[in-house]
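Let me begin by presenting the structure, written as C-alpha coordinates, before commenting on it.
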Amino acid sequence: MMQSRAASSLLAQLSRAIGHESAQNELRWMRQTLDTPPAGICPTARSVEEMVSRRIRGEPLQYILVLIPRPETEDWALRLADLARDTLRSLTTNRPLSILDLCTGTGCIPLLLLRTLPAGSAHATGIDISEDAVSLAQENADLCGISVPADNIPHPNKRSRQSEENTFKSVLADLMHPDFVRKARLAPPYDVITSNPPYIPQVEYDRLPASVKGYEDVRALVGDPAGVALPTLPAADRDKGLTFYHRIAELVRDHDLLAAEGTLALEVGDGQAQDVAAILEGKAAMRRIDVWRDPWEKERVVVAHR
Ligand SMILES: C[S@@+](CC[C@H](N)C(=O)[O-])C[C@H]1O[C@@H](n2cnc3c(N)ncnc32)[C@H](O)[C@@H]1O
(Lines give C-alpha, C1' and ligand atoms only; values in the text may rest on other atoms or scores of the structure.)
Protein backbone atom coordinates (compact mmCIF):
# COMPACT_ATOMS: atom_id res chain seq x y z
CA MET A 1 0.00 0.00 0.00
CA MET A 2 1.29 3.45 -0.86
CA GLN A 3 2.12 5.55 2.19
CA SER A 4 0.13 8.77 2.46
CA ARG A 5 2.02 12.04 2.34
CA ALA A 6 1.11 12.78 5.97
CA ALA A 7 2.41 9.38 7.09
CA SER A 8 5.73 9.78 5.26
CA SER A 9 6.15 13.24 6.71
CA LEU A 10 5.67 11.86 10.22
CA LEU A 11 8.17 9.10 9.50
CA ALA A 12 10.69 11.62 8.15
CA GLN A 13 10.32 13.91 11.18
CA LEU A 14 10.69 11.05 13.64
CA SER A 15 13.60 9.53 11.69
CA ARG A 16 15.53 12.78 12.05
CA ALA A 17 15.12 12.54 15.82
CA ILE A 18 15.69 8.84 16.50
CA GLY A 19 16.91 7.20 13.28
CA HIS A 20 14.97 5.53 10.49
CA GLU A 21 14.69 2.00 11.85
CA SER A 22 13.55 3.06 15.34
CA ALA A 23 11.14 5.55 13.80
CA GLN A 24 9.50 2.83 11.72
CA ASN A 25 9.09 0.56 14.75
CA GLU A 26 7.86 3.27 17.07
CA LEU A 27 5.32 4.59 14.56
CA ARG A 28 3.94 1.07 14.22
CA TRP A 29 3.59 0.72 18.00
CA MET A 30 1.98 4.15 18.28
CA ARG A 31 -0.64 3.25 15.67
CA GLN A 32 -1.28 -0.14 17.28
CA THR A 33 -1.76 1.44 20.71
CA LEU A 34 -4.23 3.96 19.32
CA ASP A 35 -6.17 1.39 17.26
CA THR A 36 -6.25 -1.52 19.70
CA PRO A 37 -5.03 -0.49 23.17
CA PRO A 38 -4.08 -3.51 25.29
CA ALA A 39 -6.55 -4.40 28.10
CA GLY A 40 -6.51 -1.91 30.91
CA ILE A 41 -4.06 0.40 29.19
CA CYS A 42 -4.92 3.62 27.41
CA PRO A 43 -2.74 5.72 25.15
CA THR A 44 -1.81 9.10 26.64
CA ALA A 45 -2.34 10.94 23.37
CA ARG A 46 -5.22 11.17 20.94
CA SER A 47 -3.34 11.02 17.64
CA VAL A 48 -0.15 9.77 16.05
CA GLU A 49 0.75 13.40 15.24
CA GLU A 50 0.63 14.30 18.94
CA MET A 51 2.68 11.22 19.83
CA VAL A 52 5.34 12.03 17.25
CA SER A 53 5.69 15.64 18.31
CA ARG A 54 6.06 14.62 21.97
CA ARG A 55 8.61 11.97 21.01
CA ILE A 56 10.61 14.50 18.99
CA ARG A 57 10.71 16.72 22.06
CA GLY A 58 12.48 13.85 23.83
CA GLU A 59 9.67 12.27 25.87
CA PRO A 60 10.31 8.55 26.44
CA LEU A 61 8.16 6.29 24.25
CA GLN A 62 6.70 4.37 27.19
CA TYR A 63 5.23 7.62 28.60
CA ILE A 64 3.49 8.28 25.32
CA LEU A 65 2.17 4.81 24.61
CA VAL A 66 0.69 4.00 28.00
CA LEU A 67 -0.21 5.59 31.25
CA ILE A 68 2.94 4.49 32.91
CA PRO A 69 1.70 1.72 34.97
CA ARG A 70 5.06 0.13 35.05
CA PRO A 71 4.60 -3.58 34.31
CA GLU A 72 4.96 -4.35 38.04
CA THR A 73 2.11 -1.93 38.88
CA GLU A 74 -0.09 -3.21 36.08
CA ASP A 75 0.44 -6.78 37.28
CA TRP A 76 -0.78 -6.19 40.83
CA ALA A 77 -3.57 -3.82 39.81
CA LEU A 78 -5.02 -6.53 37.55
CA ARG A 79 -4.75 -9.02 40.39
CA LEU A 80 -6.45 -6.54 42.70
CA ALA A 81 -9.28 -6.17 40.16
CA ASP A 82 -9.97 -9.91 40.63
CA LEU A 83 -10.13 -9.39 44.38
CA ALA A 84 -12.44 -6.40 43.90
CA ARG A 85 -14.74 -8.56 41.76
CA ASP A 86 -14.94 -11.03 44.68
CA THR A 87 -15.78 -8.17 47.05
CA LEU A 88 -18.52 -7.05 44.66
CA ARG A 89 -20.00 -10.54 44.64
CA SER A 90 -19.98 -10.70 48.43
CA LEU A 91 -21.77 -7.38 48.95
CA THR A 92 -25.17 -7.94 50.45
CA THR A 93 -26.60 -4.80 48.89
CA ASN A 94 -26.42 -4.05 45.21
CA ARG A 95 -24.18 -0.98 45.35
CA PRO A 96 -21.06 0.10 43.50
CA LEU A 97 -17.61 -0.21 45.07
CA SER A 98 -15.86 2.92 46.21
CA ILE A 99 -12.18 3.14 45.39
CA LEU A 100 -9.64 5.65 46.72
CA ASP A 101 -6.22 5.96 45.11
CA LEU A 102 -3.72 8.05 47.06
CA CYS A 103 -0.84 9.65 45.11
CA THR A 104 -2.65 8.87 41.89
CA GLY A 105 -0.22 10.43 39.38
CA THR A 106 -1.55 9.56 35.93
CA GLY A 107 -4.50 7.80 37.55
CA CYS A 108 -3.30 4.53 36.04
CA ILE A 109 -4.20 2.32 39.04
CA PRO A 110 -7.85 3.38 39.50
CA LEU A 111 -8.37 3.69 35.74
CA LEU A 112 -7.12 0.19 35.21
CA LEU A 113 -9.48 -1.06 37.94
CA LEU A 114 -12.40 0.89 36.49
CA ARG A 115 -11.72 -0.39 32.99
CA THR A 116 -11.66 -4.01 34.08
CA LEU A 117 -14.59 -3.97 36.53
CA PRO A 118 -18.16 -4.27 35.18
CA ALA A 119 -19.81 -1.04 34.04
CA GLY A 120 -21.58 0.79 36.83
CA SER A 121 -19.92 -1.30 39.55
CA ALA A 122 -17.27 1.14 40.80
CA HIS A 123 -16.53 4.80 41.47
CA ALA A 124 -12.99 5.98 42.09
CA THR A 125 -11.32 9.07 43.47
CA GLY A 126 -7.64 9.80 42.83
CA ILE A 127 -5.68 12.24 45.00
CA ASP A 128 -2.46 14.00 44.10
CA ILE A 129 -0.44 16.99 45.27
CA SER A 130 0.54 17.97 41.74
CA GLU A 131 -1.84 20.10 39.67
CA ASP A 132 -0.39 18.60 36.50
CA ALA A 133 -1.03 15.08 37.75
CA VAL A 134 -4.60 15.91 38.73
CA SER A 135 -5.41 17.29 35.27
CA LEU A 136 -3.54 14.49 33.54
CA ALA A 137 -5.44 11.85 35.52
CA GLN A 138 -8.77 13.43 34.59
CA GLU A 139 -7.70 13.72 30.96
CA ASN A 140 -6.64 10.07 31.00
CA ALA A 141 -10.03 9.08 32.41
CA ASP A 142 -11.60 10.92 29.51
CA LEU A 143 -9.33 9.11 27.03
CA CYS A 144 -10.41 5.83 28.63
CA GLY A 145 -14.07 6.79 28.21
CA ILE A 146 -14.61 7.07 31.98
CA SER A 147 -16.77 9.98 33.06
CA VAL A 148 -16.70 12.32 36.00
CA PRO A 149 -19.32 11.54 38.70
CA ALA A 150 -22.63 13.35 38.35
CA ASP A 151 -22.09 15.58 41.39
CA ASN A 152 -19.02 17.05 39.66
CA ILE A 153 -20.88 17.92 36.46
CA PRO A 154 -23.08 20.99 36.28
CA HIS A 155 -24.67 19.82 33.02
CA PRO A 156 -27.83 17.82 33.80
CA ASN A 157 -27.86 15.88 30.48
CA LYS A 158 -24.79 13.98 31.54
CA ARG A 159 -26.51 12.56 34.59
CA SER A 160 -28.81 10.08 32.95
CA ARG A 161 -26.27 7.30 32.31
CA GLN A 162 -24.26 7.71 35.51
CA SER A 163 -25.68 4.70 37.32
CA GLU A 164 -24.61 2.46 34.42
CA GLU A 165 -21.07 3.80 34.32
CA ASN A 166 -17.91 3.59 36.33
CA THR A 167 -16.71 7.07 37.23
CA PHE A 168 -13.48 8.79 38.21
CA LYS A 169 -12.61 12.13 39.72
CA SER A 170 -9.18 13.45 40.58
CA VAL A 171 -8.68 15.82 43.49
CA LEU A 172 -5.78 18.13 44.34
CA ALA A 173 -4.72 17.60 47.95
CA ASP A 174 -1.65 17.06 50.09
CA LEU A 175 -1.68 13.77 51.94
CA MET A 176 0.66 15.22 54.53
CA HIS A 177 -1.61 18.13 55.41
CA PRO A 178 -3.01 17.75 58.96
CA ASP A 179 -6.52 18.44 57.63
CA PHE A 180 -6.11 16.22 54.56
CA VAL A 181 -9.34 14.20 54.83
CA ARG A 182 -11.55 17.29 54.95
CA LYS A 183 -9.56 19.23 52.36
CA ALA A 184 -9.70 16.32 49.90
CA ARG A 185 -13.45 16.01 50.59
CA LEU A 186 -13.06 12.29 51.20
CA ALA A 187 -16.17 10.25 51.88
CA PRO A 188 -15.07 7.17 53.87
CA PRO A 189 -15.34 4.28 54.17
CA TYR A 190 -13.78 2.99 50.92
CA ASP A 191 -13.99 -0.62 49.76
CA VAL A 192 -10.61 -0.48 48.06
CA ILE A 193 -7.73 1.86 48.91
CA THR A 194 -4.68 1.77 46.70
CA SER A 195 -1.45 3.69 46.57
CA ASN A 196 1.85 3.62 44.79
CA PRO A 197 3.35 6.45 46.83
CA PRO A 198 6.83 7.93 46.49
CA TYR A 199 9.09 5.42 48.25
CA ILE A 200 12.68 5.89 47.13
CA PRO A 201 15.08 6.75 49.96
CA GLN A 202 16.96 10.03 49.34
CA VAL A 203 20.35 8.29 49.06
CA GLU A 204 19.02 6.06 46.29
CA TYR A 205 17.42 9.01 44.53
CA ASP A 206 20.77 10.78 44.49
CA ARG A 207 22.21 7.83 42.58
CA LEU A 208 19.45 7.69 39.91
CA PRO A 209 20.46 8.45 36.30
CA ALA A 210 19.83 11.99 35.05
CA SER A 211 17.37 10.61 32.45
CA VAL A 212 15.00 9.55 35.27
CA LYS A 213 15.51 12.66 37.40
CA GLY A 214 14.94 14.89 34.35
CA TYR A 215 11.56 13.34 33.53
CA GLU A 216 10.04 12.61 36.90
CA ASP A 217 9.07 15.22 39.47
CA VAL A 218 11.18 14.67 42.59
CA ARG A 219 7.91 14.66 44.57
CA ALA A 220 6.86 11.55 42.67
CA LEU A 221 9.86 9.57 43.79
CA VAL A 222 11.40 10.49 47.13
CA GLY A 223 9.74 8.65 50.01
CA ASP A 224 10.82 11.04 52.76
CA PRO A 225 9.91 14.40 51.24
CA ALA A 226 12.08 17.38 52.09
CA GLY A 227 10.45 19.70 54.60
CA VAL A 228 7.97 17.08 55.82
CA ALA A 229 8.66 15.93 59.33
CA LEU A 230 6.01 13.43 60.30
CA PRO A 231 6.15 13.67 64.12
CA THR A 232 5.04 10.06 64.45
CA LEU A 233 7.79 8.62 62.25
CA PRO A 234 9.88 6.33 64.48
CA ALA A 235 13.62 7.03 64.48
CA ALA A 236 14.28 3.51 63.19
CA ASP A 237 12.24 4.24 60.04
CA ARG A 238 13.86 7.57 59.18
CA ASP A 239 15.45 7.91 55.73
CA LYS A 240 14.11 4.51 54.61
CA GLY A 241 11.50 5.97 52.23
CA LEU A 242 8.65 4.94 54.54
CA THR A 243 7.05 8.29 55.44
CA PHE A 244 4.01 7.85 53.14
CA TYR A 245 3.25 4.37 54.51
CA HIS A 246 3.21 5.72 58.07
CA ARG A 247 0.94 8.56 56.99
CA ILE A 248 -1.46 6.26 55.12
CA ALA A 249 -1.65 3.86 58.08
CA GLU A 250 -2.46 6.77 60.39
CA LEU A 251 -5.13 8.11 58.04
CA VAL A 252 -6.76 4.68 57.81
CA ARG A 253 -6.70 4.36 61.62
CA ASP A 254 -7.81 7.89 62.53
CA HIS A 255 -10.52 8.38 59.90
CA ASP A 256 -11.88 4.88 59.43
CA LEU A 257 -11.00 5.17 55.76
CA LEU A 258 -11.36 1.46 54.99
CA ALA A 259 -14.69 -0.41 54.96
CA ALA A 260 -15.04 -3.46 57.21
CA GLU A 261 -14.51 -5.93 54.35
CA GLY A 262 -12.24 -3.52 52.47
CA THR A 263 -8.83 -4.07 50.92
CA LEU A 264 -5.79 -1.82 51.20
CA ALA A 265 -3.06 -2.35 48.60
CA LEU A 266 0.23 -0.46 48.75
CA GLU A 267 3.04 -0.81 46.25
CA VAL A 268 6.46 -0.89 47.93
CA GLY A 269 10.08 -0.53 46.90
CA ASP A 270 12.76 -3.19 47.11
CA GLY A 271 13.14 -4.55 50.62
CA GLN A 272 10.30 -2.45 52.10
CA ALA A 273 7.48 -5.03 52.18
CA GLN A 274 8.11 -6.39 55.67
CA ASP A 275 8.52 -2.89 57.15
CA VAL A 276 5.28 -1.77 55.51
CA ALA A 277 3.42 -4.87 56.71
CA ALA A 278 4.63 -4.11 60.25
CA ILE A 279 3.52 -0.46 59.96
CA LEU A 280 0.01 -1.50 58.83
CA GLU A 281 -0.29 -4.08 61.57
CA GLY A 282 1.11 -1.86 64.31
CA LYS A 283 -0.48 1.47 63.43
CA ALA A 284 -3.71 0.57 61.66
CA ALA A 285 -4.40 -2.79 63.34
CA MET A 286 -4.66 -4.38 59.90
CA ARG A 287 -5.01 -8.16 59.80
CA ARG A 288 -4.62 -10.77 57.05
CA ILE A 289 -1.64 -9.05 55.51
CA ASP A 290 -0.23 -10.59 52.34
CA VAL A 291 2.80 -9.66 50.31
CA TRP A 292 2.40 -10.13 46.58
CA ARG A 293 5.43 -10.67 44.38
CA ASP A 294 5.81 -9.15 40.93
CA PRO A 295 6.50 -11.23 37.81
CA TRP A 296 10.22 -10.91 38.59
CA GLU A 297 9.71 -12.48 42.04
CA LYS A 298 10.28 -9.21 43.92
CA GLU A 299 8.05 -8.40 46.88
CA ARG A 300 6.03 -5.61 45.29
CA VAL A 301 2.76 -4.95 47.07
CA VAL A 302 1.41 -5.25 50.58
CA VAL A 303 -2.27 -6.17 50.64
CA ALA A 304 -4.13 -5.84 53.93
CA HIS A 305 -7.61 -6.26 55.33
CA ARG A 306 -9.13 -5.05 58.57
C1 LIG B 1 5.36 7.11 42.37
S2 LIG B 1 4.21 8.29 41.76
C3 LIG B 1 2.87 7.18 41.51
C4 LIG B 1 1.96 7.56 40.42
C5 LIG B 1 0.91 6.48 40.09
N6 LIG B 1 0.15 6.10 41.26
C7 LIG B 1 1.57 5.26 39.46
O8 LIG B 1 1.53 4.18 40.02
O9 LIG B 1 2.12 5.40 38.36
C10 LIG B 1 3.78 9.14 43.24
C11 LIG B 1 2.74 10.28 43.11
O12 LIG B 1 2.56 10.82 44.42
C13 LIG B 1 2.28 12.22 44.32
N14 LIG B 1 2.54 12.84 45.62
C15 LIG B 1 3.75 13.13 46.16
N16 LIG B 1 3.60 13.70 47.37
C17 LIG B 1 2.26 13.76 47.60
C18 LIG B 1 1.47 14.25 48.69
N19 LIG B 1 2.04 14.79 49.77
N20 LIG B 1 0.13 14.17 48.61
C21 LIG B 1 -0.46 13.63 47.49
N22 LIG B 1 0.24 13.14 46.43
C23 LIG B 1 1.57 13.20 46.49
C24 LIG B 1 3.21 12.65 43.20
O25 LIG B 1 2.80 13.88 42.65
C26 LIG B 1 3.13 11.46 42.23
O27 LIG B 1 2.15 11.68 41.26
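The values are calculated or read from the model by the stated rules, or taken from the named source; none is laboratory data. Predicted, not measured: the structure shown is a model, and the values here were computed from it. All Cβ positions, even for glycine, are placed from backbone atoms using ideal geometry, and neighbour counts span all protein chains on display. We work out accessible area using only protein heavy atoms, side chains counted, and drop any ligands, DNA or RNA first. Shrake-Rupley method; radii C 1.70, N 1.55, O 1.52, S 1.80 Å.
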#### Entry: In Hz, Karplus ³J(HN,Hα) per residue of the stretch 55-62 (6.51, -1.76, 1.60; θ = phi - 60°; x = Gly, Pro)
5, 5, 6, x, 6, x, 4, 5
### Query
Which whole number of Å³ per residue matches the convex hull of the alpha-carbon atoms in the stretch 188-306?
119
### Query
Which percentage, to the nearest 5, of the DSSP beta bridges contained in the stretch 71-305 is antiparallel?
30
### Message
Using a Förster radius of 35 Å, what is the FRET efficiency between LEU91 and ARG182 based on their Cβ-Cβ separation? Nearest 0.05, please.
### Response
0.80
### Message
As a quick test, which of the pairs LYS213/LYS283; LYS213/LYS240; LYS213/LYS298 have an alpha carbon distance above 30 angstrom in this structure?
### Response
LYS213/LYS283
### Query
So what is the 222 nm mean residue ellipticity for the chain from helices alone, if each DSSP H run of at least 4 adds -39500 (n - 2.57) and you divide by all residues, rounding to the nearest 500 deg cm²/dmol?
-12500 deg cm²/dmol
### Message
Using the Karplus curve 6.51 cos²θ - 1.76 cosθ + 1.60 with θ = phi - 60°, what ³J(HN,Hα) values do you get for each residue of the stretch 173-180, in whole Hz, with x for Gly and Pro?
### Response
6, 9, 4, 8, 5, x, 9, 3
## Note on the structure
In Å, the Kirkwood estimate of hydrodynamic radius for the stretch 5-65 over Cα pairs equals 11.5
### Query
How big is the stretch 1-149 in terms of Cα radius of gyration and Dmax, in angstroms?
17.8, 60
#### Entry: Anchor LYS183: aspartates and glutamates whose Cα lies under 20 Å away (excluding residues fewer than 8 positions away in-chain)
ASP101, ASP128, GLU131, ASP132, ASP151, ASP174, GLU250, ASP254, ASP256
### Query
So what's the net charge close to GLY241: Lys and Arg +1, Asp and Glu -1, counting the other residues with Cβ under 14 Å from its Cβ?
-3
### Query
Cα-based Rg of the stretch 71-305 per 2.2 N^0.38 Å, rounded to two decimals?
0.99
### Query
Heavy-atom accessible area per residue, the stretch 60-126, 1.4 Å probe: how many Å²?
38
#### Entry: Cut-off under 5 Å, modelled amide H: who pairs with LEU258 long-range
TYR190
### Query
What percentage of the solvent-accessible surface of the stretch 5-65, computed with a 1.4 Å probe over protein heavy atoms, is contributed by carbon and sulfur atoms?
50
### Query
Which percent of Cα pairs goes in each bin when the distances of the stretch 72-154 are cut into 10 angstrom slices starting at zero?
17, 50, 28, 4
### Task
Determine ³J(HN,Hα), in whole Hz, for all residues of the stretch 100-116 in sequence, where each value follows from phi through the Karplus function 6.51 cos²θ - 1.76 cosθ + 1.60 and θ = phi - 60°; x replaces Gly and Pro.
10, 10, 8, 6, 6, x, 6, x, 4, 5, x, 5, 5, 4, 5, 6, 9
### Long-range HN-HN contacts of THR263 with modeled amide H, under 5 Å
VAL192, ILE193
### Task
Could you list which residues have their amide H under 5 Å from that of ARG293, counting only those 5 or more apart in sequence or on another chain, with H placed in the peptide plane?
ARG300
### Task
Find how many whole Å separate the alpha carbon centroid of the stretch 79-136 from the alpha carbon centroid of the stretch 201-268.
21
